[in-house]
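*Asks:* Here's a structure for you.
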Amino acid sequence: MSKKYDVVVIGAGPAGYIAAIRAAQNGFKVACIDEWQNRDGKYAFGGTCLNAGCIPSKALLESSELYHRATHEFKKHGITTGDVGIDIAGMQKRRAGIVRQLTGGIAGLFKANKVEGLVGHGKLLANKQVEFTQANGDVEVLTAEHIILASGSTPIELPFARFDGEYIVDSWDALEFDAVPPRLGVIGAGVIGLELGSVWSRLGSEVTILEAMGDFLFMADRDVAKVAAKDFKQQGLDVRLGAKLTSATVADGVVRVEYDDAQGAQTAEFDKLVVAVGRRPHTEGLFSEDSGIVTDERGFIEVDDECRTPVKDVYAIGDCVRGPMLAHKGSEEGVMAADLIAGEVAEVNYNVIPSVIYTAPEIAWVGKTEAEVTSSGRPYKTGSFPFAASGRAKAMEQTSGMVKVISAADDDEILGVHIVGPMAGELIGEAVLAMEFAASTEDIQRTIHAHPSLSEAVHEAALAADKRALNYMNK
Ligand code: FAD
Ligand code: NAD
């Protein structure tokens with residue numbers, strides 16, 4: 001007799017584990033299957049985000065930023081120190097400890113919510129059956145009224161720069177280096193390239209980032225990208241644009257890369273090379289041919305706006321489906337799927353998903369860039385406020401950057417908010433909430449912001465959109 005569930009979720013990353021918990025909260029009998037195994041051989045829930053992505057990268061960004069500030073900024077505050085050193089083993093121990101605590105926390109949440117967490121491989125078969133293969137090879141078939149696929153993504157591997165786990169590595173390996181590589185090459189100046197490039201550069205690596213596109217941070221607002229490019233250059237990150245990698249080979253412990261740029265064929269040598277050129281949906285062995293699941297030409301599982309696959313009662317969420325590969329996007333899709341299964345009204349507002357890059361300065365945005373608004377043809381106005389004019393930012397000695405608000409000229413609706421500067425990832429929350437409620441610029445203008453706080457920069461940028469900034473000259 002096969003075990004029966006109301007809902008089976010395959011994948012316990014931020015999309016799947018959240019879907020499982022919400023489905024259990026909705027009163028269903030739920031199982032969540034996951035096969036993630038860490039480098040120490042231990043299985044863990046949490047997927048890429050908790051084990052090899054969002055959380056460990058933020059742990060290292062914090063450690064390396066503190067080290068950088070201690071060595072570069074303390075003096076300005078009048079703080080004197082002895083020699084400041086960095087103990088990489090200690091830093092990595094802290095990172096691993098945070099990951100262990102948080103992934104263990106999911107197991108605890110499963111227990112508290114009565115979700116059955118199953119360790120092993122899940123495969124969707126026809127007729128709402130799921131083949132579950134345990135780590136020891138035992139196989140059983142589960143049946144479910146509803147199934148949610150949340151299998152996530154894996155790094156894209158370039159055929160001419162294969163990962164070897166030691167010299168040419170993916171982002172996971174680059175989070176677990178046990179020493180600072182003297183010369184670090186990074187392919188791709190995307191989110192991972194900039195975050196990991198920043199970590200190792202602050203710890204002493206000479207970092208070179210090769211980016212195929214001619215524009216820096218092409219997905220961000222141009223004003224924000226300009227500030228970020230200047231700051232990263234000052235920090236010593238050597239970002240080479242229009243640089244297309246053509247080969248990477250290892251000899252005598254050195255990675256030699258060849259790339260083409262506007263000047264022609266170039267070469268460079270590194271001690272380690274991180275390839276961070278995007279991620280692809282991970283669907284190997286996830287469904288049988290007769291399951292009815294369809295993938296598009298890039299391998300994403302096809303779903304509608306409500307994450308329904310063409311197979312009745314089978315949903316797919318997170319990185320394995322279209323849309324930005326972000327943990328919070330996957331989690332919200334998980335909530336939506338679980339609530340739809342319960343017959344509730346649920347939706348994800350795909351127009352209001354924040355993006356954050358956790359560099360220093362941080363970069364965060366929500367909604368449309370100015371270029372996107374321009375091409376939409378809608379008349380608009382913009383307002384900016386620099387952190388250089390913020391009392392709080394000055395006190396923090398972090399005055400680089402600004403807040404930019406883009407609003408409709410006709411009805412004052414906020415269309416996009418772009419921030420580069422201290423705590424941008426926290427400040428963007430106000431803009432996300434405002435846009436979720438279709439707020440106007442005037443709504444932010446009339447909202448009281450604490451003084452002195454970084455959030456006053458959001459207030460002033462909204463005022464500046466109507467040339468009414470109070471603490472800065474209106475342009
Ligand atoms: P995943 O987290 O990939 O989880 C999928 C899970 O399913 C995995 O555990 C996998 O083992 C399991 N699985 C797959 N197939 C099967 C199967 N057949 N049977 C059983 N189990 C299976 N996003 C942010 O929003 N903020 C960040 O700061 C951020 N930082 C990142 C930093 C790095 C270095 C990386 C690589 C990514 C980062 N991301 C960040 C992206 C984020 O990690 C992903 O968007 C998110 O993890 C996607 O969640 P998911 O649940 O869809 O997939
Ligand atoms: P990405 O898409 O952000 O950036 C990849 C970059 O590599 C692009 O700029 C692309 O032009 C460049 N590129 C592609 N092929 C190249 C080549 N042959 N030579 C040189 N450059 C090349 O992808 P990523 O940085 O790998 O991140 C993967 C995903 O993980 C992203 O979708 C991102 O959303 C997510 N992520 C998010 C966060 C965050 O939210 N803070 C952090 C890390 C990762």
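*Asks:* Only residues that are within 15 Å of THR283 (Cα to Cα) and without any contact (Cβ under 8 Å) to a residue 60 or more places away in the chain: list them for the range 296-341, please.
*Replies:* Result: ASP296, GLU297, ARG298, GLY299, PHE300, GLU302, VAL303, VAL321, ARG322.
*Asks:* Given the conditions (1) small (Gly, Ala, Ser); (2) part of a helix (DSSP H, G or I); (3) free of Cβ contacts under 8 Å to residues at least 40 places away in the same chain; (4) out of contact with any Ser or Thr (no Cβ under 8 Å at 6 or more places or on another chain), which single one is not true for ALA388?
*Replies:* (4) is the only condition that ALA388 fails.
*Asks:* Which residue out of GLY27, GLY90 is small (Gly, Ala, Ser), more than 16 Å from ligand 2 (Cβ to nearest atom) and under 21 Å from VAL335 (Cα atoms)? Don't jump to the end; show me each part of the working.
*Replies:* Numbers: GLY90 fails: under 21 Å from VAL335 (Cα atoms).
Matching residue, one of GLY27, GLY90: GLY27.
*Asks:* Just to be sure I understand, how many residues within the range 178-196 are touching a strand residue (DSSP E or B) at 6+ places or on another chain (Cβ under 6 Å) and not in a helix (DSSP H, G or I)?
*Replies:* The total comes to 7.
*Asks:* Same structure again: Going by the conditions given, is ALA393 away from ligand 1 (no atom under 16 Å from the Cβ), closer than 30 Å to GLY78 by Cα, surrounded by 19 or more Cβ atoms within 10 Å (Cβ to Cβ) and of a type in the set (A, V, I, L, M, F, W, C)? Write out each step before concluding.
*Replies:* Values: away from ligand 1 (no atom under 16 Å from the Cβ): yes; closer than 30 Å to GLY78 by Cα: yes; surrounded by 19 or more Cβ atoms within 10 Å (Cβ to Cβ): yes; of a type in the set (A, V, I, L, M, F, W, C): yes.
Against the criterion (away from ligand 1 (no atom under 16 Å from the Cβ), closer than 30 Å to GLY78 by Cα, surrounded by 19 or more Cβ atoms within 10 Å (Cβ to Cβ) and of a type in the set (A, V, I, L, M, F, W, C)), ALA393 qualifies.
*Asks:* Among the residues of the range 425-475, how many are touching a residue at least 24 places away in the same chain (Cβ under 8 Å), in a loop (DSSP other than H, G, I, E, B) and of a type in the set (Gly, Ala, Ser)?
*Replies:* 6
*Asks:* Restricting the first residue to the range 38-60 and requiring it to be touching a residue at least 24 places away in the same chain (Cβ under 8 Å) and within 16 Å of ligand 2 (Cβ to nearest atom), which pairs with a second residue that is acidic (Asp, Glu) and not in a loop (DSSP other than H, G, I, E, B) meet a Cβ separation below 9 Å and a spacing of at least six or different chains?
*Replies:* Qualifying pairs under 9 Å: GLY46/ASP34; GLY47/ASP34; GLY47/ASP319; THR48/ASP319; SER57/GLU195; LYS58/GLU195; LEU60/GLU195.
*Asks:* Moving to a separate point now. Taking helices (runs of 4 or more DSSP H) that fall entirely within the range 1-105, which contain at least 2 residues that are in contact with a strand residue (DSSP E or B) (Cβ under 8 Å, 6 or more places away or on another chain)?
*Replies:* Numbers: elements: 16-25, 47-52, 54-72.
It comes to 16-25, 47-52.
*Asks:* So, in the range 226-262, of the ones that are more than 16 Å from ligand 2 (Cβ to nearest atom) and polar (S, T, N, Q), which residue ends up surrounded by the fewest Cβ atoms within 10 Å (Cβ to Cβ)?
*Replies:* Initially, the range 226-262 is screened for residues more than 16 Å from ligand 2 (Cβ to nearest atom), giving 226-227, 230-231, 233-236, 250-254.
Filter again for polar (S, T, N, Q), leaving 234-235.
Numbers: GLN234: 9, GLN235: 17.
The extreme case among them is GLN234.
*Asks:* Here is a follow-up. Do the conditions hold for ALA424, that is, is it more than 25 Å from ALA229 (Cα to Cα) and in the same structural domain as GLY367 (by TED's automatic domain parsing)? It would help to see each step written out before you state the result.
*Replies:* Working: more than 25 Å from ALA229 (Cα to Cα): no; in the same structural domain as GLY367 (by TED's automatic domain parsing): yes.
Taking the combined requirement at face value, the residue does not satisfy it.
*Asks:* Scan (1) at positive phi; (2) at pLDDT below 95 for the single condition ARG39 breaks and write down its number.
*Replies:* (1)
*Asks:* Of the residues that make up the range 32-51, is at least one more than 22 Å from the chain's Cα centre (by Cα), within 8 Å of ligand 1 (Cβ to nearest atom) and in the same structural domain as GLN129 (by TED's automatic domain parsing)? Don't jump to the end; show me each part of the working.
*Replies:* Residues of the range 32-51 that are more than 22 Å from the chain's Cα centre (by Cα), as a first pass: 32-33, 40-43.
Next, only the ones that are within 8 Å of ligand 1 (Cβ to nearest atom) stay: 33.
Adding the requirement that they be in the same structural domain as GLN129 (by TED's automatic domain parsing) leaves 33.
Yes, there is a match, as at least one residue in the range 32-51 is more than 22 Å from the chain's Cα centre (by Cα), within 8 Å of ligand 1 (Cβ to nearest atom) and in the same structural domain as GLN129 (by TED's automatic domain parsing).
*Asks:* Okay, moving on. Take the residues in the range 110-161 that are more than 25 Å from the chain's Cα centre (by Cα) and among the acidic types (Asp, Glu), then tell me which one is surrounded by the fewest Cβ atoms within 10 Å (Cβ to Cβ).
*Replies:* The extreme case among them is ASP138.
*Asks:* Then there is this: For VAL303, all conditions in the list (1) more than 15 Å from ligand 1 (Cβ to nearest atom); (2) assigned by TED's automatic domain parsing to the domain that holds TYR17; (3) in contact with a strand residue (DSSP E or B) (Cβ under 8 Å, 6 or more places away or on another chain) hold save one; what is the number of the exception?
*Replies:* Here VAL303 clears every test but (1).
*Asks:* Say whether the condition of being within 14 Å of ligand 1 (Cβ to nearest atom), within 21 Å of the chain's Cα centre (by Cα) and modelled with pLDDT of 95 or more is met by at least one residue in the range 81-97.
*Replies:* Within the range 81-97, the first condition is being within 14 Å of ligand 1 (Cβ to nearest atom), and the residues that meet it are 95.
Then keep just the ones that are within 21 Å of the chain's Cα centre (by Cα); that gives 95.
Subsequent filtering for residues that are modelled with pLDDT of 95 or more retains 95.
For the range 81-97, residues within 14 Å of ligand 1 (Cβ to nearest atom), within 21 Å of the chain's Cα centre (by Cα) and modelled with pLDDT of 95 or more: present.
*Asks:* A further question on this structure: What's the number of the only condition in (1) within 11 Å of ligand 2 (Cβ to nearest atom); (2) crowded, with 17+ Cβ neighbours inside 10 Å; (3) among the small types (Gly, Ala, Ser) that GLY278 fails to meet?
*Replies:* Here GLY278 clears every test but (2).
*Asks:* Also, I was wondering about something else. Tell me, which residue of the range 207-222 that is within 16 Å of ligand 1 (Cβ to nearest atom) and of a type outside the set (Gly, Ala, Ser) is farthest from ILE187 (Cα to Cα)? Step through it out loud before you land on a result.
*Replies:* Here is the first cut: in the range 207-222, the ones within 16 Å of ligand 1 (Cβ to nearest atom) are 207, 209, 217, 219-220.
Next, from what is left, pick out any that are of a type outside the set (Gly, Ala, Ser): 207, 209, 217, 219.
Details: VAL207: 11, ILE209: 6, LEU217: 14, MET219: 17 Å.
Result: MET219.
*Asks:* While we're here: Counting only residues that are out of contact with any helix residue (DSSP H, G or I) (no Cβ under 6 Å at 6 or more places or on another chain) and within 13 Å of ILE88 (Cα to Cα), which one in the range 180-204 is farthest from ligand 1 (Cβ to nearest atom)? Write out each step before concluding.
*Replies:* Going residue by residue through the range 180-204, those that are out of contact with any helix residue (DSSP H, G or I) (no Cβ under 6 Å at 6 or more places or on another chain) are 180-183, 185, 187-191, 193-194, 197-198, 200-201, 204.
Narrowing further to those that are within 13 Å of ILE88 (Cα to Cα): 180-181, 200, 204.
Numbers: VAL180: 18, PRO181: 17, TRP200: 13, GLY204: 20 Å.
Per the stated criteria, the residue is GLY204.
*Asks:* Give the residues of the range 145-177 that are in a strand (DSSP E or B), in contact with a Gly (Cβ under 9 Å, 6 or more places away or on another chain) and small (Gly, Ala, Ser), sorted by residue number.
*Replies:* Of everything in the range 145-177, just one residue is in a strand (DSSP E or B), in contact with a Gly (Cβ under 9 Å, 6 or more places away or on another chain) and small (Gly, Ala, Ser), namely SER153.
The values are calculated or read from the model by the stated rules, or taken from the named source; none is laboratory data. Note that the structure is a prediction, hence the values are computed from the model and not measured. Neighbour counts are summed over all protein chains in view; Cβ atoms, including those assigned to glycine, are modelled from backbone coordinates with ideal geometry.
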